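**Q** Provided herewith is a single structure, encoded as structure tokens, for subsequent inquiry.
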């Protein structure tokens, strides 16, 4: 099984729709996903993700399904010296100033992520993720997935930057603070995760490519720096 986790196209956040640039990105993406042989499509409840998805659903003929829990993590933290910041916008210089070794066991105990509501949001994401993959035949046990009913599905999920990085964190056992501060998915980018089966018992999520925008290059479209807060050339 392969998961294609997609950030929506360039958004107009005020209307929760795509900009003209975002529409071009979504159309380009649809052509790429059709070639990939996507056979299942899911989407966030937010308009910008739905609109991005609609071009792929139309081109492939695959009936989309709503996943309520994939809505963006639109949550703000109080960051010392910086003020209130979105979880996706906390500067890397803050995150990497922590002297302790950061792991899955302790990252959420460190400033500014030691926020009870944020922890609750992420716990719900993990619970819903595990239920989602169980539906597709892979039951999570610890950090592994027991193969109940293997499949060759190619699943596209149209969602958001902060949410997507948090989901990848859960799948790959990487602290969410590291994902949010060290990785950036461009609009309409595709992150591909293979559930690698090296035995008949277990599948282990393995990232085959992060934030791929080859469809944009193929159609001579620019990579949009939306969501970057520093220099971009």
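**Q** Kindly provide the set of residues from region 144-159 that are closer than 23 Å to residue 55 by Cα and in a strand (DSSP E or B), ordered by number.
**A** 154, 155, 156, 157, 158, 159
**Q** Among residues belonging to region 103-123 that are farther than 15 Å from residue 87 by Cβ and in contact (Cβ under 8 Å) with a residue 40 or more places away in the chain, point out the one that is surrounded by the most Cβ atoms within 10 Å (Cβ to Cβ).
**A** 104
**Q** When region 55-104 is examined, which residues are found to be out of contact with any strand residue (DSSP E or B) (no Cβ under 8 Å at 6 or more places or on another chain) and in a helix (DSSP H, G or I)?
**A** 55, 58, 59, 68, 69, 88, 89, 92, 93, 95
**Q** Another one. Scan region 211-233 residue by residue and report those that are in contact with a helix residue (DSSP H, G or I) (Cβ under 8 Å, 6 or more places away or on another chain) and outside any loop (DSSP other than H, G, I, E, B).
**A** The answer is 214, 215, 216, 218.
**Q** Also: Show the residue pairs that are 6+ apart or on different chains and have beta-carbon atoms under 7 Å apart, the first residue being within region 219-232 and under 15 Å from residue 8 (Cα atoms), the second being modelled with pLDDT under 90.
**A** 225/232
**Q** Over 18 Å from the mean Cα position of the chain (by Cα) and either modelled with pLDDT under 95 or not in a loop (DSSP other than H, G, I, E, B) (or both) - does that describe any residue in region 121-135?
**A** The answer is yes; a qualifying residue exists.
**Q** Counting only residues that are under 27 Å from residue 48 (Cα atoms), modelled with pLDDT of 95 or more and within 16 Å of the chain's Cα centre (by Cα), which one in region 206-233 is surrounded by the most Cβ atoms within 10 Å (Cβ to Cβ)?
**A** Among them, the one singled out is 213.
**Q** Within region 24-51, can you find the residues that are buried (at least 18 other Cβ atoms within 10 Å of the Cβ), closer than 22 Å to residue 133 by Cβ and over 15 Å from the mean Cα position of the chain (by Cα)?
**A** Selection gives 33, 38, 40.
For every residue, the table says whether it meets (1) more than 22 Å from the chain's Cα centre (by Cα); (2) in contact (Cβ under 8 Å) with a residue 40 or more places away in the chain.
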residue	(1), (2)
53	no, yes
59	yes, no
67	no, yes
71	no, yes
80	yes, no
85	no, no
93	yes, no
97	yes, no
101	yes, no
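**Q** Which of the residues spanning region 80-102 are exposed (fewer than 11 other Cβ atoms within 10 Å of the Cβ) and under 27 Å from residue 144 (Cα atoms)?
**A** 100, 101
**Q** Listed residues 200, 177; which is touching a helix residue (DSSP H, G or I) at 6+ places or on another chain (Cβ under 6 Å), at pLDDT 95 or above and either at negative phi or part of a strand (DSSP E or B) (or both)?
**A** Step by step, each of 200, 177 is checked, and only 177 is touching a helix residue (DSSP H, G or I) at 6+ places or on another chain (Cβ under 6 Å), at pLDDT 95 or above and either at negative phi or part of a strand (DSSP E or B) (or both).
**Q** State the number of residues belonging to region 1-43 that are in contact (Cβ under 8 Å) with a residue 60 or more places away in the chain and assigned to a helix (DSSP H, G or I).
**A** Matching residues across region 1-43 total 11.
**Q** Turning to a different aspect of this structure: In region 180-197, how many are assigned to a strand (DSSP E or B) and crowded, with 20+ Cβ neighbours inside 10 Å?
**A** 4
The values are calculated or read from the model by the stated rules, or taken from the named source; none is laboratory data. Since the structure is predicted, the reported quantities are computational estimates derived from the model, not experimental observations. With ideal geometry, Cβ positions are generated from the backbone for all residues, glycine too; neighbour counts draw on all protein chains shown.
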